[in-house]
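These notes are about the structure you will find just below.
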Amino acid sequence: MFDSLIADFTSQLTPKMWEMVALSSWETVYMSFAATFLAVIIGLPLGIITFITGKGRILANRRVHYILNIIINIGRSIPFIILLIILLPFTRLLVGTTLGTTAAIIPLSIAAMPFVARLTSNALMEIPPGLTETGKAMGATNCQIIMKFYLPEALPTLINGITLTLVTLIGYSAMAGIVGGGGLGNLAISYGEHRNMVYVKWLSTIIIVGIVMLSQKLGDDLAKRVDHR
């Protein structure tokens, strides 16, 4: 029986398959990090605006705050697999195809944007109330209060939030494999499931878990390093 398992293992995980595993691992990392970067670029300012337009904040605006909250809540409520399908025409319009890792970055980043915005808004809510008054007393403008008081104070929490987003997107990238998004998810589905190559499926799962654990560890270490509170 043991010899049979070894034979199955070597027959499935050939040198060519190991090359595909390495390529798929890189695609997963590429998709996840690129989507996280784009989500932060849009989601971070959106979360900041949502916070500063809240009641009693430096740019309080009830209507803007209400509209942004609705947008964020709706965006966070749509299951990723449904959003992935809904965005297929938009993805094709932007990159010319719905297949591959670059195409998968579009729905991944859009799915994460409201998530990052909410995490940012919540992180800023943890800032001591007196920080705004301190900034104003020093003659700081609203922009300076945000850049030099709010963001440095909330930086450790923001890093934890971005790390959480990255970890979530690594899992989402596996679902993107359902529509040919590439990466380890696509490898596990195309070969592990459809071709009944169980060792490929398990290996893909183990590597995804490893990437998640490493990303979480690096994010936690970075958050502790910048936390001077």
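The values are calculated or read from the model by the stated rules, or taken from the named source; none is laboratory data. The shown structure was predicted, so the numbers you read here are calculated from the model rather than taken from an experiment. Here the Cβ positions follow ideal geometry from the backbone for every residue, glycine too, while neighbour counts run over all protein chains shown. Please note that ligands, DNA and RNA were not included when accessible areas were found on the heavy atoms of the full protein model with its side chains. Shrake-Rupley method; radii C 1.70, N 1.55, O 1.52, S 1.80 Å.
Converting phi to 3J(HN,Hα) with the Karplus coefficients 6.51, -1.76 and 1.60 and the offset θ = phi - 60°, region 141-149 yields 6, 4, 5, 5, 4, 5, 6, 9, 10 Hz in sequence order, with x at every glycine or proline.
Each residue was assigned an accessible area with a 1.4 Å probe, and for Arg57 the value is about 100 Å².
Using a 1.4 angstrom probe, figure out how much accessible area the chain has per residue, in square angstrom, rounded to the nearest whole. Let's see the in-between values first.
On the way: 12700 Å² over 229 residues.
It amounts to 55 Å² per residue over the chain.
Pairs of Cα atoms under 8 Å, at least six residues apart: use those to get the relative contact order of region 101-165, whole percent. Before the final figure, lay out each step's value.
Values: 26 pairs, mean separation 30.4, N = 65.
Contact order relative to length: 47 percent.
Annotation: Ser204 carries an accessible surface of approximately 0 Å², with a 1.4 Å probe and no ligand, DNA or RNA atoms counted.
Which semi-axis lengths, in whole Å and largest first, follow from the square roots of five times the eigenvalues of the Cα gyration tensor of region 94-229? Mind showing how you got there, number by number?
Details: eigenvalues 321, 60, 15 Å².
Here the semi-axes work out to 40, 17, 9 Å.
For the chain, lysine pairs separated by 8 or more sequence positions, or belonging to different chains, with Cα-Cα distances below 25 Å total 6.
As a length-normalised measure over Cα pairs under 8 Å and 6 or more apart, the relative contact order of region 178-229 settles at 23 percent. Using C-alpha pairs under 8 Å with a sequence gap of at least 6, the mean separation divided by the residue count of the chain gives a relative contact order of 26 percent.
For the chain, what does -39500 (n - 2.57) per DSSP helix run (n ≥ 4), summed and divided by total residues, give at 222 nm, in deg cm²/dmol to the nearest 500?
On the way: 11 runs with 177 residues, N = 229.
Helix contribution divided over all residues of the chain: -25500 deg cm²/dmol.
Taking the Cα centre of the chain as origin, work out the dipole magnitude from +1 charges on Lys and Arg Cβ and -1 charges on Asp and Glu Cβ, in debye rounded to 20.
Numbers: 16 positive and 11 negative charges, 184 e Å.
For the chain, the charge dipole is close to 880 debye.
Rounded to the nearest 20 debye, what is the charge dipole size of region 8-118 about its Cα centre when +1 sits on each Lys and Arg Cβ and -1 on each Asp and Glu Cβ? Walk me through the intermediate numbers first.
On the way: 8 positive and 3 negative charges, 167 e Å.
Value, rounded to 20: 800 debye.
Out of Phe37, Phe90, Phe51, any idea which swings most in a Gaussian network model of the chain, alpha carbons joined below 10 Å? Highest fluctuation among the options: Phe90. Positive-end ranking of Leu13, Leu124, His65 along the dipole of the chain, with charges on Cβ about the Cα centre, is headed by His65. Sorting Arg118, Arg225 by accessible area puts them as Arg225, Arg118; the probe is 1.4 Å, largest comes first, and only protein heavy atoms count. Within the chain, the selection of entire DSSP H helices by a Cα span of 18 Å or greater along the long axis and an average Kyte-Doolittle value of at least 1.0 returns 15-52, 101-125, 151-176.
Treating each Cα of the chain as one equal point scatterer and applying the Debye formula with no solvent, the log10 of I(q)/I(0) at q = 0.18 Å⁻¹ comes out as -1.23.
Give me the percent of accessible area attributable to carbon and sulfur for the chain, probe 1.4 angstrom.
Numbers: 8650 of 12700 Å².
Ligands and nucleic acids excluded, carbon and sulfur give 68 percent.
Between region 142-217 and region 28-46, the alpha-carbon centres lie 11 Å apart. With the charge dipole of the chain set up from +1 on Lys and Arg Cβ and -1 on Asp and Glu Cβ about the Cα centre, the Cα lying farthest toward the positive end among the listed residues Tyr191, Thr134, Thr98 is that of Thr134.
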